[in-house]
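Chemist: Submitted below is the structure of interest, expressed as structure tokens.
The values are calculated or read from the model by the stated rules, or taken from the named source; none is laboratory data. Since the model is a prediction, treat every value here as computed from it, not as a measurement. As a convention, Cβ positions derive from the backbone with ideal geometry for all residues, glycine included, and neighbour counts pool all protein chains shown.
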Amino acid sequence: MYFSNDPSIQGLIERIQNPDEAVSGAAWQSAGPYGAAAVQPLAALMADADFELARKGKRALYLVVRHAGHPAATKERRAVERELIAVLGSSPTQVRREVVWMLSEIGSARAVGPMAALLTDQALREDARCALTRHPAPGAVKALKSALTTAPEDFKPALAESLRVRGVELEGYPSRKLVPTAQTTVAPG
Amino acid sequence: MTRFTSPITRRTFLKHSALVAGALNLAPACVLSQNAQPGANGRFVVAHIGVGGMGMTHLTNMLRFQKEGKVRIAAVCDADDNRLQAAVENAKTGGASVIPYRDYRYVLERKDIDAVLIATPDHWHAVQTVHACETGKHVYVEKPASVTVRDGQAMVSAARAHKVAVQVGAQARTAKGAWYTCRAIRNGIVGKVKRVSCWHYANPVDDKPVLDSPPPEGLDWDLWLGPLPWRPHNQRYQPANFRWLMESGGGQIRDRGAHQFSTILWCMNADHQTSFTIESKGRAPTKGLWDCPIDMQVVYQFKNPDWTLEWGQPGGKVGQTEFGNVFWGDNGHLILEWEGGYRPANPEAVNFKLPPGGQEVYRTDEYEDFNMNHKADWFKSIREGHLRPAVDIEIGHRTATLCNLGNLSYLLGRKLVWDGTKQKVVGDDEANRLLSRPQRYPYVL
């Protein structure tokens, strides 16, 4: 059960959980305007054991993010960002993986720190790296530079790649993008 | 062979057409390739990266070119050993002894390979094309050229920097059907065209969603995913269902749309019109892995000259077949079924006579089979040294941009204003961030 003090949000969540696909589909597809108040309940739904329900929660939350991303929706965007940052601190891995990408879409400079904190998480570091690569704030570059000094050796080439994409010149850590690794067992003709 | 009212060669066309530098800010077309040229015996050494559905068509084409002494097929590559095995056997049956690879980077390491044909899922197109260019190989890459705008830009830059010919597989531009339509439209068969509409059937729905599961035997899931963010394998990705994911195939608008829009831009002589507005609406599927909209309506508005392009799923069907296009002019309308390749042109267009002073349209005309012809056009651009095939990567990128921005407007739920000169959306930060998608390491641009 996903509980919200806001009856309209609670109603939204209950409709998304409705076994009637027509009701459920219409509900999650209408989530965009619900804004910040819907973030945490939808994020909780993203961790549901029912994979289709989890998927609906994710898609609904993306609609909230993209509604808040409208150029004129500054106040809404800040509010949604705050809630996303809160989710980033304390949710299951599969939820945080999506939320860090969401923050790459609408996050301000204040999102960089929480996103960068994931660079030390083995399961999430690559998604966090990609998300920070796309985040336009100068702080994202600083965070990637800082991570380069402390990251395990196996992650450093990826971080170096991000920094080069952001225009930073670096010595060392040559790209491994053209190094083949996977062999086939299929024999020549 | 059709008689032209005035002789026209590819060199003449490039000299006088709007494709030369200045009109479109392309590099001069007289650059000689400093990379792979056919060997002393005139043959290109080629390799195939991705040998699934369309990849097998390319292999069949190359086997015919090999019989004609124009190529030698050196290698085939796929992340799925089952497809790879089938390709090796097909090649052998067709008279080619090939080396199989799972990892395309082994192909790119080989200095003896002049050119590659890329027919992998769409999310791979940009990375593999850029890498191939960086290793000096000419590229034939399936449409859509790219899945993001920044991917497309990277492909153009790589092709120019490394002086290789990159042909995008929107083969209607070298096909008779589109050619007849193009010369008819450009020469006023329906008068001034202010609107072009497309109709297309809907995207399918994943009505049998399943739990994630291990990949099937023989499929290298990491390599299949490539630049996409990591996720566990799910049966509903296979086979070829990448088509229905926004992050990869992008649905019908990026699949067939890449063909239809390419033909339309050609007919409208509008390759240079890179700025426009886009407004999309769509009906999302309510469940399942596939997230492309079932129905969709996209309106693109171009200025100077003013005209409108409409993508419709299902759209307003005017012709007889499952998808097609209508050119609405002052004096009537002209239908083009499909994209101008697999179906013949409208008889009106076929029978159209150029008016006095009319503008002829060039196309390579070496093979009746338009798949073969499109590749012949590519080879010609390399042999002649200008490196600008009919669907040069710049054109492919501009076409894909229409598709990608159509999807972006749908995802964001709002109208976008695209500045083609600056290659950005006007006044929309989120939209501009979504023009790129950083790739999973090491499968990076």
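Chemist: Among B:Val141, B:Val116, which is the only one that is β-branched (Val, Ile, Thr), within 14 Å of the chain's Cα centre (by Cα) and surrounded by 24 or more Cβ atoms within 10 Å (Cβ to Cβ)?
Modeler: Residue meeting the stated conditions: B:Val141.
Chemist: Mind telling me which of the residues B:Val164, B:Val168, B:Val196 ends up being touching a strand residue (DSSP E or B) at 6+ places or on another chain (Cβ under 7 Å) and either of a type in the set (S, T, N, Q) or more than 27 Å from B:His123 (Cβ to Cβ) (or both)?
Modeler: Testing whether each residue is touching a strand residue (DSSP E or B) at 6+ places or on another chain (Cβ under 7 Å) and either of a type in the set (S, T, N, Q) or more than 27 Å from B:His123 (Cβ to Cβ) (or both) leaves just B:Val196.
Chemist: Restricting the search to the range A:81-107, which residues are surrounded by fewer than 18 Cβ atoms within 10 Å (Cβ to Cβ) and in contact (Cβ under 8 Å) with a residue 12 or more places away in the chain?
Modeler: Of everything in the range A:81-107, those that are surrounded by fewer than 18 Cβ atoms within 10 Å (Cβ to Cβ) and in contact (Cβ under 8 Å) with a residue 12 or more places away in the chain turn out to be A:Arg82, A:Ala86, A:Gly89, A:Pro92, A:Thr93, A:Gln94.
The rows are residues; the columns are (1) closer than 21 Å to B:Val141 by Cα; (2) at pLDDT 95 or above; (3) in contact with a helix residue (DSSP H, G or I) (Cβ under 7 Å, 6 or more places away or on another chain).
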position	(1), (2), (3)
B:Asp330	no, yes, no
B:Gln359	no, no, yes
B:Lys380	yes, yes, yes
B:Thr401	yes, yes, yes
B:Gly413	no, yes, yes
B:Asp429	no, yes, no
B:Tyr441	no, yes, yes
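Chemist: Which condition breaks for B:Tyr140 when tested against (1) in a loop (DSSP other than H, G, I, E, B); (2) touching a residue at least 60 places away in the same chain (Cβ under 8 Å)?
Modeler: So B:Tyr140 meets the others, but not (1).
Chemist: Do any residues in the range A:160-182 that are on the phi > 0 side of the Ramachandran plot have Cβ atoms under 6 Å from those of residues that are surrounded by 13 or more Cβ atoms within 10 Å (Cβ to Cβ), where the two are at least six apart or on different chains, and which pairs are they?
Modeler: Pairs that qualify, where the first residue is on the phi > 0 side of the Ramachandran plot and the partner is surrounded by 13 or more Cβ atoms within 10 Å (Cβ to Cβ), are A:Tyr173/A:Lys156; A:Tyr173/A:Pro157; A:Tyr173/A:Ala160.
Chemist: Here's another thing I want to ask about it. Residue by residue through the range B:246-255, note down the ones that are closer than 23 Å to B:Pro438 by Cβ and not in a loop (DSSP other than H, G, I, E, B).
Modeler: Across the range B:246-255, the qualifying residue is only B:Arg254.
Chemist: Another question, if that's okay. Can you tell me which residues in the range A:21-39 are touching a Lys or Arg at 6+ places or on another chain (Cβ under 6 Å) and surrounded by fewer than 23 Cβ atoms within 10 Å (Cβ to Cβ)?
Modeler: Result: A:Val23, A:Ala27.
Chemist: Let me ask another. List the helices (runs of 4 or more DSSP H) that sit entirely inside the range B:5-109 and contain at least 1 residues that are modelled with pLDDT under 95.
Modeler: Here the list reads B:10-16, B:53-67.
Chemist: Of the numbered conditions (1) more than 13 Å from A:Val95 (Cα to Cα); (2) within 12 Å of another protein chain (Cβ to nearest Cβ); (3) free of Cβ contacts under 8 Å to residues at least 24 places away in the same chain, A:Gly11 satisfies every one except a single condition; which is it?
Modeler: For A:Gly11, the failing item is (2).
Chemist: Go through (1) buried (at least 17 other Cβ atoms within 10 Å of the Cβ); (2) within 30 Å of B:Gln320 (Cβ to Cβ); (3) in contact (Cβ under 8 Å) with a residue 24 or more places away in the chain one by one and return the number of the condition B:Val350 breaks.
Modeler: (1)
Chemist: For the range B:353-445, which helices (runs of 4 or more DSSP H) that fit wholly inside it have 1 or more residues that are without any contact (Cβ under 8 Å) to a residue 40 or more places away in the chain, within 11 Å of chain A (Cβ to nearest Cβ) and under 25 Å from B:Ser280 (Cα atoms)?
Modeler: Correct list: B:393-412, B:429-433.
Chemist: Now a separate question. Consider B:Leu289 carefully, then state whether it is crowded, with 24+ Cβ neighbours inside 10 Å and either at pLDDT below 95 or over 17 Å from B:Tyr342 (Cα atoms) (or both).
Modeler: It is false that B:Leu289 is crowded, with 24+ Cβ neighbours inside 10 Å and either at pLDDT below 95 or over 17 Å from B:Tyr342 (Cα atoms) (or both).
Chemist: Moving on. All but one of (1) over 30 Å from B:Pro100 (Cα atoms); (2) part of a helix (DSSP H, G or I); (3) within 14 Å of chain B (Cβ to nearest Cβ) hold for A:Gln122; state the number of the condition that does not hold.
Modeler: A:Gln122 satisfies every listed condition except (2).
Chemist: While we're on this one: If you go through the range A:40-80, how many residues are of a type in the set (D, E, K, R), within 9 Å of another protein chain (Cβ to nearest Cβ) and either more than 30 Å from B:Val210 (Cβ to Cβ) or surrounded by 18 or more Cβ atoms within 10 Å (Cβ to Cβ) (or both)?
Modeler: Counting residues in the range A:40-80 that are of a type in the set (D, E, K, R), within 9 Å of another protein chain (Cβ to nearest Cβ) and either more than 30 Å from B:Val210 (Cβ to Cβ) or surrounded by 18 or more Cβ atoms within 10 Å (Cβ to Cβ) (or both) gives 5.
Chemist: Provide a single number: the residues in the range B:318-340 that are crowded, with 18+ Cβ neighbours inside 10 Å and assigned to a loop (DSSP other than H, G, I, E, B).
Modeler: Qualifying residue count, the range B:318-340: 4.
Chemist: On the given criteria, is B:Arg243 part of a helix (DSSP H, G or I), buried (at least 20 other Cβ atoms within 10 Å of the Cβ), among the charged types (D, E, K, R) and in contact (Cβ under 8 Å) with a residue 12 or more places away in the chain?
Modeler: Answer is no for this residue.
Chemist: Now a separate question. For the range B:268-283, what are the residues that are charged (D, E, K, R) and surrounded by 19 or more Cβ atoms within 10 Å (Cβ to Cβ)?
Modeler: B:Asp271
Chemist: So if I check each of A:Ala143, A:Ala131, A:Ala158, which one is at pLDDT 95 or above, more than 13 Å from every other protein chain (Cβ to nearest Cβ), under 21 Å from B:Gln439 (Cα atoms) and outside any loop (DSSP other than H, G, I, E, B)?
Modeler: Result: A:Ala143 is the single residue among A:Ala143, A:Ala131, A:Ala158 that is at pLDDT 95 or above, more than 13 Å from every other protein chain (Cβ to nearest Cβ), under 21 Å from B:Gln439 (Cα atoms) and outside any loop (DSSP other than H, G, I, E, B).
Chemist: Would you list the helices (runs of 4 or more DSSP H) that sit entirely within the range B:148-238 and hold 1 or more residues that are surrounded by 23 or more Cβ atoms within 10 Å (Cβ to Cβ)?
Modeler: Where helices (runs of 4 or more DSSP H) fall fully within the range B:148-238 and carry at least 1 residues being surrounded by 23 or more Cβ atoms within 10 Å (Cβ to Cβ), they are B:149-162, B:176-186.
Chemist: Now for a different question. How many residues are buried (at least 20 other Cβ atoms within 10 Å of the Cβ) and more than 26 Å from the chain's Cα centre (by Cα) if we restrict to the range B:56-87?
Modeler: 1
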